[in-house]
Amino acid sequence: MTDASDGVLHTLFRSEQGGHEQVVLCQDRASGLKAVIAIHSTALGPALGGTRFYPYASEEEAVADALNLSRGMSYKNAMAGLDHGGGKAVIIGDPDTIKTEELLLAYGRCVASLGGRYVTACDVGTYVVDMDVVARECQWTTGRSPENGGAGDSSVLTAFGVFQGMRASAQHLWGDPTLRGRKVGVAGVGKVGHHLVEHLLEDGAEVVITDVREASVRRITDRHPQVTAVADTEALIRVEGLDIYAPCALGGALNDASVPVLTATVVCGAANNQLEHQGVEKDLADRGILYAPDYVVNAGGVIQVADELHGFDFDRCKAKAAKIYDTTLAIFARAKSDGIPPAAAADRIAEQRMSEARGR
């Protein structure tokens, strides 16, 4: 990528890395843009996924993240019943210091050059206002503001979908789809997490939170003094009497260090790629911890941005996101019948839908 000339797109075909159809490395020296666009699958339709803006330690790390995230989007979109494949983009750099209008416009041109094979939206480090800028150069942009023909903030329905996943988990484990009286720990109370906290409090849950940004914590505790804040995620996962752990920040929250000390009996959160590596889902099952697959329960946002492409209707989207409750229960049932962890059951259902689409 560092050898690319201005405005040049280098397209890589990486069949050995998860079966991706296409990986595009983008660079624009004038604006400082360095980005990776990964298209995992277009079997169900144009690849759809957000743009992550993050200060990766290396270009290799950025590529790896784009590959993992795009693959996850294929499964997420399939489980959400959308006619979209999976894609993801990452922009390398600290958005607080290098994000400019010029850079976003250059990024929009990169996405546009793919001719609609990839449709972009918001993710960590990008916001509705950013998508408005990208859309000036690229018609295949969602997550725009209502003033610019978009649906606005997708975190609202993302949080609603995660809440439905929690309700399904409660129904499956405790026989009642309510969080009333349950202690729920939310790690990350930013764009999605703070909406999730509101749902939990309205349902009568006891909520414990943490976030690396003190301002995000204060926004919650100032408004809801009954919410308890702890120092960090390490402290949160060890909270005594925790019923549900909701990772809502970056991926890899469930790993060889966290799973053995996790006190919760359910994991259901908004973060993508929560399982740090293959095998963690079995470790959770062996400890009797019910895992609601991340890409299933956090699909409310992608349901919203997909709907934007057809003329956004919030009530229609919310009704679709509410079905995450039924989908999550179906996954738990499949896991039980097949004798496998819920993550594996979700993968099987998603892969079946993609396989059937390829065979049409």
Charge dipole of the chain built from unit charges on the beta carbon (Lys, Arg +1; Asp, Glu -1), centred at mean Cα; most positive-end Cα among Ser337, Ala57, Gly241 is Ser337
Expected sort for 161-171, 22-32, 41-51 on mean C-beta neighbours within 10 Å, highest first, is 161-171, 41-51, 22-32
Given pairs Lys282/Lys318; Lys76/Lys282; Lys183/Lys336; Lys88/Lys323; Lys34/Lys323; Lys183/Lys282 and cut-off 27 Å on Cα-Cα distance, the over-length ones are Lys282/Lys318; Lys34/Lys323
Filtered hits (aspartates and glutamates, Cα-Cα < 12 Å from Lys99, offset >= 8 within chain) -> Asp130
For semi-axes √(5λ) of the Cα gyration tensor in Å, with candidates (1) 32, 23, 20; (2) 40, 22, 19; (3) 36, 20, 18, the value calculated from the shown model is option (1)
About its Cα centre, region 36-130 carries a charge dipole, from +1 on Lys and Arg Cβ atoms and -1 on Asp and Glu Cβ atoms, whose size in debye to the nearest 20 is 420 debye
Percent of all Cα-Cα pairs per 5 Å bin for region 250-360, counting from 0 up to the last occupied bin, reads 2, 11, 19, 20, 19, 14, 8, 5, 1, 0
With only helices counted (DSSP H, runs n ≥ 4, each -39500 (n - 2.57)), the per-residue ellipticity at 222 nm for the chain, to the nearest 500, works out to -12500 deg cm²/dmol
Excluding ligands, DNA and RNA, the carbon-plus-sulfur percentage of the accessible area of region 115-171 with a 1.4 Å probe reads 48 percent
Highest mean packing first, using Cβ neighbours within 10 angstrom, the peptides 215-226, 178-189, 107-118 sort as 178-189, 107-118, 215-226
Magnitude of the Cβ-charge dipole (Lys and Arg +1, Asp and Glu -1) of region 126-278 about the Cα centre, nearest 20 debye, reported as 180 debye
For region 55-207, whose charge dipole is built from +1 on Lys and Arg Cβ atoms and -1 on Asp and Glu Cβ atoms, the candidate among Gly85, Val207, Met131 with its Cα farthest towards the positive end is Gly85
Under the rule rounded for a/c under 1.5, else prolate if a/b exceeds b/c, else oblate, using alpha carbon gyration tensor axes a ≥ b ≥ c, region 148-274 is classed as rounded
Magnitude of the Cβ-charge dipole (Lys and Arg +1, Asp and Glu -1) of the chain about the Cα centre, nearest 20 debye, reported as 820 debye
Result for the chain, cysteines with no Cys Cβ partner under 4.7 Å, is Cys122, Cys138, Cys248, Cys268, Cys317
Between Arg29 and Asp176, the FRET efficiency computed from the C-beta separation at R0 = 51 Å comes out, to the nearest 0.05, as 0.30
Scoring only Lys, Arg, Asp and Glu (+1, +1, -1, -1) among other residues with Cβ under 10 Å from the Cβ of Gly50 yields +1
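The values are calculated or read from the model by the stated rules, or taken from the named source; none is laboratory data. This is a predicted model, so every value here is computed, not measured. Cβ atoms come from the backbone with ideal geometry, glycine included; neighbour counts cover every protein chain shown. Accessible surface areas use protein heavy atoms only, side chains included; no ligands, DNA or RNA. Shrake-Rupley method; radii C 1.70, N 1.55, O 1.52, S 1.80 Å.
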